[in-house]
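Worksheet for the structure shown next.
The values are calculated or read from the model by the stated rules, or taken from the named source; none is laboratory data. Keep in mind it's a predicted model, so treat the numbers as computed, not measured. Glycine gets a Cβ as well: all are built from the backbone with ideal geometry, and neighbour counts include every protein chain shown. Note: accessible area is taken over every heavy atom of the protein model, side chains too, but ligands, DNA and RNA are not part of it. Shrake-Rupley method; radii C 1.70, N 1.55, O 1.52, S 1.80 Å.
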Amino acid sequence: MKFWFTAIVSLALGLSTPASAADLLKVASPQRGSWEGAIPELGQQQGIFRKHGLDLEILYTAGGGETLQAVISGAVDVGLSAGTLGVMGAFAKSAPIRIIGASSTGSRELFWYVLASSPMKTIRDAKEGATIAYSTTGASTHIAVLRFISDYGLKAKPVATGDISATTTQAMSGQVDVGWSVAPFNLDPLSKGEIRLVARASDIERIRGQTIRVQIANLTALEHKKDAVARYLAAYRETVEWMYASPDAVARYVAFSKLPESAVRRMLAEFIPKESLQTDRIAGTAESIQDAIQFKFLTAPLTDRQLAELIRIPPR
């Protein structure tokens, strides 16, 4: 009898005590192995998300366009690094998505390259009919290519080539004239002189002042998991701080990405300063809206009321 009483008391205590299990969030991240895309993975390895009561199930996509669709469909709760213009366009069409933070501002890490044998020295040298790669429609790479063509008066053709691996294959085999990449990918062949950098997204002045990639949440997930999403952003910010402060972070990232440490060190020195990964504000929204209209992601400007509804960044 005493045994059963003890068991019942223990069960009751177990039911009344807050569960130790963490909340699950499904996250879509483009470009497996990229520094920005690795933030959820490294934060989870380091135990930072668990400290905030979260477990992450991470899905990797081929680009911001695929990430956007995964969030719209509800297949994931949160999407990292979705193209801002694509998000604005989808929201204007009543897609159930909201912006919960910035992903990348200034975009120094995106670059375009040609084979060393190419006569092209800069992207301005792209001749009529030349093909310039981007990942997926609506992604930040897509917007940058459209801006190159518009601002420089190019007669080149934008071509969706998918993720970095697929793009590298197409660029190296001559299927596309200009490949795209994101640091630290392809910095090793760049250092060896096998390819030549011909443009960065940050070459475009208006892009330097814009948040061109954002973090988004499915609206239903945001409404039902508001506290978990806020904790996700807190853990994300803490992970970014750790990645730039801890001597262990580079080694962890190299092990995850399988990229040369020299390329990672160069990335941190020349391509991705910590401030570019700030999450607290969406910079250059007016310019983004103008671009979205010019490139036909929007048919009319978003109003202040619409922007307030779209941008739902949890406070620190």
- For the chain, the accessible surface attributable to carbon and sulfur atoms (probe 1.4 angstrom, ligands and nucleic acids excluded) amounts in percent to 54
- Query: What list of ³J(HN,Hα) couplings, whole Hz, do you get for region 91-105 from phi and the Karplus terms 6.51, -1.76, 1.60, once you set θ to phi - 60° and write x for glycine and proline?
  - Reply: 4, 4, 9, 6, 5, x, 9, 9, 7, 10, x, 7, 10, 9, 10
- Quote the charge dipole size of the chain about the Cα centre in Debye, to the nearest 20; the model charges only the Cβ of Lys and Arg (+1) and of Asp and Glu (-1). 100
- Please list, or write none, the lysines whose alpha carbon is within less than 19 Å of the alpha carbon of residue 157, excluding same-chain residues fewer than 8 places away. 121, 127, 296
- Item | Alpha-carbon radius of gyration plus Dmax, which is the widest Cα pair, for the chain in Å | 21.4, 89
- Can you list the residues, at least 5 places off or on another chain, whose amide H is less than 5 Å from the amide H of residue 283, using H built in the peptide plane? 211
- Note on the structure: For the chain the mean separation of alpha carbon contacts under 8 Å (6+ apart) over residue count, i.e. relative contact order in percent, is 26
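Work through the residues other than residue 308 whose Cβ is under 15 Å from its Cβ and net out their charges, Lys, Arg +1 and Asp, Glu -1.
So the environment of residue 308 carries a net charge of +2.
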- Message: More than 19 angstrom separation, counting every C-alpha pair in region 212-300; what % is that?
- Response: 59
- Task: Search the structure for amide H atoms under 5 Å from the amide H of residue 157, placed 1.01 Å from N in the peptide plane, and list their residues when 5 or more places away or on another chain.
- Result: 129, 130, 131, 132
- Distant-in-sequence amide H partners of residue 61 (H built 1.01 Å from N, under 5 Å): 29, 31, 32
- Could you pull out which residues in region 74-116 have an amide N less than 12 Å from a spot 7 Å beyond the Cα of residue 287, following the Cα-Cβ vector? 105-108
- Query: So what's the gap between the Cα centers of region 268-292 and region 52-106, to the nearest angstrom?
  - Reply: 16
- Task: With the cut-off at 18 Å, report for region 15-148 the share of all Cα pairs above it, as a whole percent.
- Result: 62
- Identify, among 284, 120, 71, the residue whose Cα sits farthest towards the positive end of the charge dipole of the chain, taking +1 on the Cβ of Lys and Arg and -1 on the Cβ of Asp and Glu, with the dipole about the Cα centre. 284
- Item | Alpha carbon convex hull of region 116-260, volume per residue in cubic angstrom | 149
- So what J values fall out for region 172-188 if you push phi through Karplus, 6.51 cos²θ - 1.76 cosθ + 1.60 with θ = phi - 60°, rounded to Hz, Gly and Pro as x? 5, 8, x, 6, 9, 6, 10, x, 10, 7, 9, 4, x, 4, 6, 6, 5
- Message: With θ taken as phi - 60° and the coefficients 6.51, -1.76 and 1.60, list the Karplus ³J(HN,Hα) couplings across region 309-316 in order, rounded to whole Hz; mark glycine and proline as x.
- Response: 6, 6, 8, 10, 6, x, x, 5
- Task: Could you list the residues of region 115-140 with an amide nitrogen less than 15 Å from a label point located 7 Å from the Cα of residue 152 in the Cα-to-C-beta direction?
- Result: 115, 118-134
- Given only helices, namely DSSP H runs of n ≥ 4 each adding -39500 (n - 2.57), what is the per-residue ellipticity at 222 nm of the chain, to the nearest 500 deg cm²/dmol? -12500 deg cm²/dmol
